[in-house]
Each structure stands twice: as C-alpha cells, then as structure tokens.
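The values are calculated or read from the model by the stated rules, or taken from the named source; none is laboratory data. Keep in mind the model is a prediction, meaning the values are calculated, not measured. Note that we place each Cβ from the backbone using ideal geometry, even for glycine, and neighbour counts take in every protein chain shown. These area figures cover heavy atoms from the full protein model, side chains too; ligands, DNA and RNA do not enter into them. Shrake-Rupley method; radii C 1.70, N 1.55, O 1.52, S 1.80 Å.
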There are 2 protein chains.
Amino acid sequence: MHTATQQIDNGVNVTALLGAREALSQAPQAARFTWRAHCDWVRGTHSQIVVEDFHGLGEAQQHRSRFTFEADHPEVFAAEDHGPTPVEYVLVGLAACLTAGVAAVAQHRGIQLRSVKATVEGDMDIQGILGMDPDVRNGFDDIRVTFEIDADASRSDIEALVAQSQKRSAVYDLLTNPTHVKVSVK
Amino acid sequence: MHTATQQIDNGVNVTALLGAREALSQAPQAARFTWRAHCDWVRGTHSQIVVEDFHGLGEAQQHRSRFTFEADHPEVFAAEDHGPTPVEYVLVGLAACLTAGVAAVAQHRGIQLRSVKATVEGDMDIQGILGMDPDVRNGFDDIRVTFEIDADASRSDIEALVAQSQKRSAVYDLLTNPTHVKVSVK
C-alpha cells in the first residue's frame, strides 16, 4: 500500500498542506486571510477587474502575476459582451473550488486522477434583476454541478471524493450559507 | 431637465432594457436564464474554466467570444499560482455586478458618471478549509465593498445609486442569501 501511495501524483503537495495545518495550529492568527479584487468601470455594464494582492500568514502577499478580467452583460441585455456576466464569474469560482478540492482529497486518499471535468449551471429568472416581480429573487434559484471523473477508484470512492471536496469548499459554503456584505461609499 | 437627461451617456441602453421588461411581462418564460461554466482540471489545484454558452429568451445563446480562465491556489498554499483562487473569482463577480448596477441606475436617473472604482475584500480564516476547527466556516466571515465614485451628483444621490444597485444585484443576493447547490457525479 505504501508503495502504491508513493506513485500517486495529482500535483498536490499534501505534505506541505499538513505541515501548514500543524504550523497554523501554533499560530492561528496567521490563518486569517483577506482576499481582494479591484474594479474599474469602463463604460455601460463593462468593467475591468484586477486580482493581485492579498493578506495572509500575518503579512501582505502578492500573486505571482497580476490577473486582469473583463466583465459585461451579453448582447441580449443590450450590452456589448466584453466578458462574462458577474454571475458567470461566481460559477467559475464554484467549479474551480470543487475541482481543486477533488484533486487535494484524491491525493490525500492515494487515488490517481486521470481527468476531472465539471459543468456548473445556475438558473435565474431575470424578472428579479429587472425589478419586475418582488417575489422573484435576483440571484440563482438553483445551481447544479455535474462531475465526470476518470480515476483509479470505484464509483463509490469517487462519489466520496466529491462529497469531501464539497464539505471543505469555500465557494460552496459562500453560496449555500448567508454572508454579511457591507457596501459603502468612500 | 429633458435636455440635460439627453446628454447623459454612461453607455447603458436604458430604453432597450425598459423595452425588454415590457416584452418579458408578456412572455415571462423567456425570462428564465441558465448560465454555465465548464471546468477542466489541469494538475494540482490548477483548473481551466470556459464560459461560452447560456440559455435565455427561450433558446440557446452564445457569448460573442469564448472566455477562458485559469484558477489555482497561491504559492503560500504550496501551489503554483497559475490564476486567482476560486474565492477571488467570487469577489470579481461581486465587484462587477455592483458596478454594472451603478452605471445602469445612474443612466436611468440621469446622472453622468465620470469614474467608478470599487475595492472588494473578503476575510477568511483558513482553519475552515484546512478542516482544523469545525466552528470556523470555509467561506468568508465578512465582505466589504468600498466605492469611489466621481459623478455629477451630490453625495446623497451617489449613496442612493449604490443602494439601488445593491438592491437589484444578483451576486449580492447570492452571497447574502442561501442558494440550493446540487453536486453530482455523472
């Protein structure tokens, strides 16, 4: 078993993550992170957003590079479609979070992954955002995530991987539970 | 007043949006949209996500182009930082949603915007995602959005713009209220 586990390589450094957990248990204030996005309005519903800096392990941190994104509304909303809609960025985050979790849990459990694909869909009645019906919410009514996973494991082991990823997912938690959001003008 | 409103141009086609609202009131099933993201695991916590197709106005729709994103964890999480973290994508969506709303509401109210900047910050205790403490949630404890807006309007009118944007924002709603998310393996 030990030899088999040694050969598993999903590209996740589980040893480092377990070490981090041990180190943070001695210094829990270092576990407090702040993530940031900086947004500049361009025109209409088109904005440009930069992700670059964050705070964690007690100090200012930088990503290895500066990540820049465009967001907009599509042409069917009388806009110019310079980028995905804001709600599609949320689906990008959910897909990536659950997929990273599957890889990390698979590594920890000694399961070699060959491919992981996820399709994430969110249903929305746009009568909400258009202010047509106060009983229709602005966000998604329902979100579905469907995984297709090819791995050296049984179907039940694969289902257990996905369930554990969901249990530890930051974005799944953000969508299924309420978070306080304070909006202010400087 | 009429002349002044005519000169306002934030790039939002309010006439088309009001027309859409009128048309959808006659055909509410056309207001049902489904947004999608397709995710492919690359290696470790690195994934590639595509946003391209959606459903709305009763039929399949395509964005004007195919939008591709990389997501990863940073080097301080023993990963390779090929892209923002999943939770930063959620902040990108929130920033873009509230900013698009500010532009649309300003156009509707006849307020000329000169610049709109937003900084969005989310605080997270990573003891949650590391499974160190069952009382620590995986997602953000708290999110702060700070706008800096330069516009032909009083401070109270600018604050009212932001408040109205927040009221109609899909992503603000998604974060502050719970949504059902179903995760399955195909």
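Can you pull out every residue in region B:48-76 that is within 7 Å of chain A (Cβ to nearest Cβ), surrounded by fewer than 18 Cβ atoms within 10 Å (Cβ to Cβ) and β-branched (Val, Ile, Thr)? Scanning region B:48-76 gives a single hit, B:Val76.
The residue list B:Arg168, B:Arg144 contains one member that is within 25 Å of A:Ala78 (Cα to Cα) and among the charged types (D, E, K, R), which is B:Arg168. Considering the conditions (1) open to solvent by 60 Å² or more (accessible area, probe 1.4 Å); (2) touching a His at 6+ places or on another chain (Cβ under 6 Å), A:Thr34 is excluded by exactly one of them, (1). Within region A:137-148, residues that are facing chain B (nearest Cβ under 7 Å) and under 22 Å from B:Gln166 (Cβ atoms) reach partners that are hydroxyl-bearing (Ser, Thr, Tyr) and part of a loop (DSSP other than H, G, I, E, B) with beta carbons closer than 8 Å, at six or more positions or on different chains, in the pairs A:Asn138/B:Ser169; A:Gly139/B:Thr179; A:Phe140/B:Thr179; A:Ile143/B:Thr179. The number of residues in region B:98-114 that are open to solvent by 20 Å² or more (accessible area, probe 1.4 Å) and either at the interface with another protein chain (Cβ under 7 Å from one of its Cβ atoms) or without any contact (Cβ under 8 Å) to a residue 24 or more places away in the chain (or both) comes to 1. Selection within region B:124-150: residues that are open to solvent by 10 Å² or more (accessible area, probe 1.4 Å), touching a helix residue (DSSP H, G or I) at 6+ places or on another chain (Cβ under 8 Å) and assigned to a strand (DSSP E or B). The member of this set that is farthest from A:Phe33 (Cα to Cα) is B:Ile149. Kindly indicate whether A:Met132 is at pLDDT below 95 and facing chain B (nearest Cβ under 7 Å). Yes; evaluated as a whole, the condition is true for this residue. B:Ala95 meets all of the listed conditions (1) surrounded by 24 or more Cβ atoms within 10 Å (Cβ to Cβ); (2) out of contact with any Cys (no Cβ under 7 Å at 6 or more places or on another chain) but one, namely (2).
The requirement of being at the interface with another protein chain (Cβ under 7 Å from one of its Cβ atoms), more than 23 Å from B:Gly56 (Cβ to Cβ) and open to solvent by 10 Å² or more (accessible area, probe 1.4 Å) is not satisfied by A:Thr119. Only residues that are of a type in the set (Gly, Ala, Ser) and at the interface with another protein chain (Cβ under 7 Å from one of its Cβ atoms) were counted in region B:158-183, giving 2.
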